[in-house]
1. Working only within region 342-358, note down all residues that are under 15 Å from GLU273 (Cβ atoms) and of a type in the set (Val, Ile, Thr).
2. Could you please give the count of residues in region 112-122 that are within 12 Å of ILE213 (Cβ to Cβ) and in contact with a Phe, Trp or Tyr (Cβ under 9 Å, 6 or more places away or on another chain)?
3. In region 475-494, what count of residues is obtained for those that are open to solvent by 10 Å² or more (accessible area, probe 1.4 Å) and within 21 Å of GLY527 (Cβ to Cβ)?
4. Only one of these is modelled with pLDDT of 95 or more and at positive phi: ASP455, ASP493, ASP451. Name it.
5. Scan region 282-339 for residues that are under 21 Å from GLY386 (Cβ atoms) and of a type in the set (D, E, K, R) and jot them down.
6. For region 434-465, how many residues are in contact with a strand residue (DSSP E or B) (Cβ under 6 Å, 6 or more places away or on another chain), open to solvent by 20 Å² or more (accessible area, probe 1.4 Å) and free of Cβ contacts under 8 Å to residues at least 40 places away in the same chain?
7. Among the residues of region 351-367, how many are touching a strand residue (DSSP E or B) at 6+ places or on another chain (Cβ under 8 Å) and open to solvent by 30 Å² or more (accessible area, probe 1.4 Å)?
8. For region 283-396, please list each of the strands (runs of 3 or more DSSP E) lying entirely inside it that holds at least 1 residues being of a type outside the set (A, V, I, L, M) and on the phi > 0 side of the Ramachandran plot.
Amino acid sequence: MIHKHLRRALFTGVPVAALLAAGPLPATATAADRPSPGERAPSSVQDVQEGRGAALPYVEYEAESGTYKGTLLEADAKRTFGHTNFGSESSGRKSVRLDATGDHVEFTSTAATNSIVVRNSIPDAPGGGGIDATLSLYADGKFVQKLDLSSKHSWLYGNTDDPEGLTNTPRGDARRLFDESHALLASSYPKGTKFRLQRDGGDSASFYIVDLIDLEQVAPPAQKPAECTSITEYGAVPDDGKDDTKALQDAVTADQNGTIACVWIPAGRWRQEQKILTDDPLDRGQYNQVGIRDVTVRGAGMWHSQLYTTTEPQHAGGINHPHEGNFGFDVDHNVKISDIAILGSGRIRGGDGGAEGGVGLNGRFGRGTEISRVWIEHANVGVWVGRDYDNIPALWGPGDGVRFSGMRVRDTYADGINFTNGTRNSTVTDSSFRTTGDDALAVWANRYVKDPAQDIGHDNAFVNNTIQLPWRANGIAVYGGYGNRIENNAIADTANYPGIMLATDHDPLPFSGRTLISGNELFRCGGAFWGEAQEFGAITLFAAGRDIPGVTIQDTDIHDSTYDGTQFKSGGGAVPDVAITDVTIDRSNNGSGILAHGGARGSATLSRVTITGSAEGDVVVEPGSQFRITGGPAG
């Protein structure tokens, strides 16, 4: 039976008791070989309590929770990152490697499906640049199709933790080892179908690593609303491999000028090789762009209406710099975009001569902007909300009341969605983020604004989101501002940084008022970074320079942290009067339940806090610390 508190959208396809109890599998085994169930705390983001995380339309299955013939890969005890460690970069810190013909992963669906997403890793090309290979999909013992896999967007090399210091050229240690493949299937398969991913004789990669699988019953393509005008009216042709940028830009310009009421992107794959924006008669250059305004763009669904680019941003003509790229939309004010995919071609963040992955959606965003059910993949940043004031001061318009919902941001080289440059009153809800290369969600109250006394990032909210596998930085971060809220999110498997972090590095405007962390659930978060010299907690408060006042952490569950459950990190500022209430911390594997560093300053009051299974003590204040903790763990 499924426990009544499990989040409805994320099951593993095996009995929950077995999932919670599962110990390590033998190196080559099937799930039937696992030990008998025993008592154990929740072990996966699939175990998140009802009301936390996103209401996702797909069911997620862990490869190691099914039946398999292959090799189980697991992280080491400290989940070391950056040294070609597949286990550390895997969901649940486990995945399955298929080496021989006939090796496979098999699982039974718990809901109907007509699509599949596979998070996987296959080898890089000897000289870099990736390879393409296939993996065979079976349903109830019958061959369905070959799935197309690629390593073009994975495999970054170098022993530095500086993201701009990594390269696509093979050498030594590697990271960002996984990517995803997705396919709509020709038929729908009912609940109870036994799916198998198998290495057959024609599947040519030297190895396959399968981490997780999403199955989803995708609705048919939506029909064009009567009020909208299709981009085909402007010359776009689906699925022909030719660049449709001009048609898309002409349709958007017509909507902005009031000639049409709405832009429609029908089902199909549409090639886009230039950013959609507003033509600037002053031609102020690629670093000073004008975004679109008063435009509505609608598609037939993120699985159906897909914009894609084949040119890496650094090789594209025209607009191309770190916060632009050659795909997606530049948004200035009152823009609605829904039910499309934006599939980039980025492969790196700033290394190899300053190459960048581009941004799916960027700009000032202004007021009235709503982005819903947009899938963004293989970008440097999924969404960057904000522009510096000196970037065309006459157009200054920070995001205010911007709404994101139902987003899927996958496999980026930097942030998922970043609210900056005075963004306020804005939200991200019911969205999923996987394998981001920096903070999956962030508020950065930076100083590059019109009036630093007024244009502070405030009253933003990240609510009911599911975040998995950031391969660099945090699940959710807030840098400065006031009134910002992090509520009811599920966060799992950060490779090296906290699941949630409040910090004053990156020179933000000050924190003030209240910052709320409430109702979140964290699994296997925290890690070691910066030459493995800094060990981060699952929740970390880091007053690097300025103080971080007014923090409340409540109704939160922290499971299986790599280091500390909650950490107050040394810095030049203080973290005064933190309230920690109704919090459980279970299994801080290489650290403490709550830790205050020797250089930390401030205070925290604990109320109804439960701490179990800490390797280095429940509540620890290091010698020399000026941090005071009152109250204690329950019992």
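The values are calculated or read from the model by the stated rules, or taken from the named source; none is laboratory data. Given the structure is predicted, the values throughout are model-derived calculations rather than measurements. With ideal geometry, Cβ positions are generated from the backbone for all residues, glycine too; neighbour counts draw on all protein chains shown. Areas reflect the complete protein model, heavy atoms only, side chains present, ligands, DNA and RNA absent. Shrake-Rupley method; radii C 1.70, N 1.55, O 1.52, S 1.80 Å.
1. ILE342 - this is the single residue of region 342-358 that is under 15 Å from GLU273 (Cβ atoms) and of a type in the set (Val, Ile, Thr).
2. Selection size over region 112-122: 6.
3. Residues of region 475-494 that are open to solvent by 10 Å² or more (accessible area, probe 1.4 Å), as a first pass: 479, 482-483, 485, 487-488.
From what is left, the residues that are within 21 Å of GLY527 (Cβ to Cβ) are 479.
The qualifying residues number 1.
4. Answer to the check: ASP493.
5. Residues satisfying the conditions are ARG284, ARG293, ASP294, GLU324, ASP330, ASP332, LYS336.
6. 2
7. Of the residues in that region, 2 qualify.
8. The qualifying strands (runs of 3 or more DSSP E) are 292-299, 329-343, 359-363, 370-377.
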